[in-house]
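Visitor: Please see the structure below; I have some questions.
Computed from the coordinates by the stated procedures, all read-outs in this text should not be read as laboratory data. In this text, all values refer to a predicted model and were calculated from it rather than measured experimentally. Neighbour counts are summed over all protein chains in view; Cβ atoms, including those assigned to glycine, are modelled from backbone coordinates with ideal geometry.
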Amino acid sequence: ITAPMPSMPVAFWDDPSGSRYRSAYFSEWPEVWQHGDWITFTERGSCVISGRSDATLNRGGVRIGTAEFYAVVESLPDIADSLVIHLDADDRLLLFVALRPGVSLSDDLRGAITRELRSSLSPRHVPDEVIAVPAIPRTLSGKKLEVPVKRILTGTPPDVAASRGSLADPSSLDPFVAMARGVGADRLA
């Protein structure tokens with residue numbers, strides 16, 4: 001998109017220089033606005049929105065939508081919420097889970113999660129690690145922070161990756177910041 005259109009954001013809150021806005025929408029191609037959704041136009045002229053292009057995982061050359069993971073993982077009775085992140089540099093797939101009260105992440109639960117992903121989806125969907133966290137970071141409007149968490153885990157400073165003021169629970173980012181700084185995953189939950 002190279003010209004303004006209805007509903008296109010003009011700025012971000014608390015971004016006086018406009019750097020986060022430009023990074024979010026204009027970093028891929030100069031002077032071209034990219035909104036970040038995968039859209040396929042059909043032969044009938046309609047379109048199918050498949051999800052966020054910047055959150056789509058590419059594991060072994062296969063594109064995987066994160067919603068597939070969430071539908072399976074969050075159908076398990078012990079899981080309250082989840083977040084899946086693919087670290088491209090070392091091809092690691094990390095599944096973060098927020099557990100229901102009174103539940104701990106045992107080897108049995110890890111096994112149940114991986115078996116369900118393998119049987120419901122495919123072996124490519126099985127994470128390299130399943131990590132318990134107290135809560136999954138979400139915006140005030142309820143969207144999971146897939147891209148900001150990935151950026152934090154790959155070295156982007158947290159205040160650049162996400163605006164804590166836009167989070168429903170700002171402390172939900174803390175375990176991911178700790179992990180990026182080298183705190184063991186077993187100490188996150």
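Visitor: Which distance in nm do the two modelled labels at residue 141 and residue 115 give, with both placed 7 Å along the Cα-to-Cβ direction?
Guide: Result for the modelled spin labels: 4.0 nm.
Visitor: Can I ask one more? Could you give the length gained on full extension between residue 174 and residue 92, defined as 0.36 nm per residue of separation minus the Cα-Cα distance, in nm?
Guide: Working: separation 82, 0.36 × 82 = 29.52 nm, distance 2.08 nm.
Once the chain is fully extended between residue 174 and residue 92, it gains 27.4 nm.
Visitor: Can you tell me the FRET efficiency between residue 74 and residue 2 if r is taken as the Cβ-Cβ distance and R0 is 45 Å, rounded to the nearest 0.05?
Guide: Approximately 0.70, to the nearest 0.05.
Visitor: Further, regarding this structure: What does the charge add up to near residue 145, with Lys and Arg as +1, Asp and Glu as -1, over the other residues with Cβ less than 10 Å from its Cβ?
Guide: +4
Visitor: While we're here: By DSSP, what percent of the beta bridges with both residues in the chain are antiparallel, rounded to the nearest 5? Before the final figure, lay out each step's value.
Guide: Details: 18 of 22 bridges.
Expressed as a percentage, antiparallel bridges in the chain total about 80.
Visitor: Could you derive backbone 3J(HN,Hα) for segment 101-106 from the dihedral phi with the Karplus parameters 6.51, -1.76 and 1.60 (θ = phi - 60°), listing whole Hz in sequence and x where the residue is Gly or Pro?
Guide: x, x, 9, 10, 7, 8
Visitor: Could you line up 174, 90, 159, 128 from fewest to most neighbouring Cβ atoms inside 10 Å?
Guide: If I rank by nearby Cβ atoms, fewest first, I get 90, 159, 128, 174.
Visitor: Tell me the net charge near residue 59. Cut-off is 15 Å between Cβ atoms, residue 59 excluded, with +1 for each Lys or Arg and -1 for each Asp or Glu. Walk me through the numbers on the way to the answer.
Guide: Details: positive: 63, 92, 118, 124, 150; negative: 68, 88, 90, 91, 128, 129, 146.
Cβ neighbours under 15 Å give a net charge of -2.
Visitor: Search the structure for amide H atoms under 5 Å from the amide H of residue 59, placed 1.01 Å from N in the peptide plane, and list their residues when 5 or more places away or on another chain.
Guide: Answer set, sorted by chain and number: 64.
Visitor: From the Cα gyration tensor of the chain, with a ≥ b ≥ c the square roots of its eigenvalues, which class applies: rounded if a/c is under 1.5, or else prolate if a/b is larger than b/c, or else oblate? Don't jump to the answer; show the numbers that get you there.
Guide: On the way: a/c = 1.99, a/b = 1.35, b/c = 1.48.
Because a/c hits 1.5 or more and a/b fails to exceed b/c, the chain counts as oblate.
Visitor: Let me have the 222 nm mean residue ellipticity of the chain computed from DSSP H runs of 4+ only, each contributing -39500 (n - 2.57), with the sum over all residues rounded to the nearest 500.
Guide: Rounded to the nearest 500, the figure is -7000 deg cm²/dmol.
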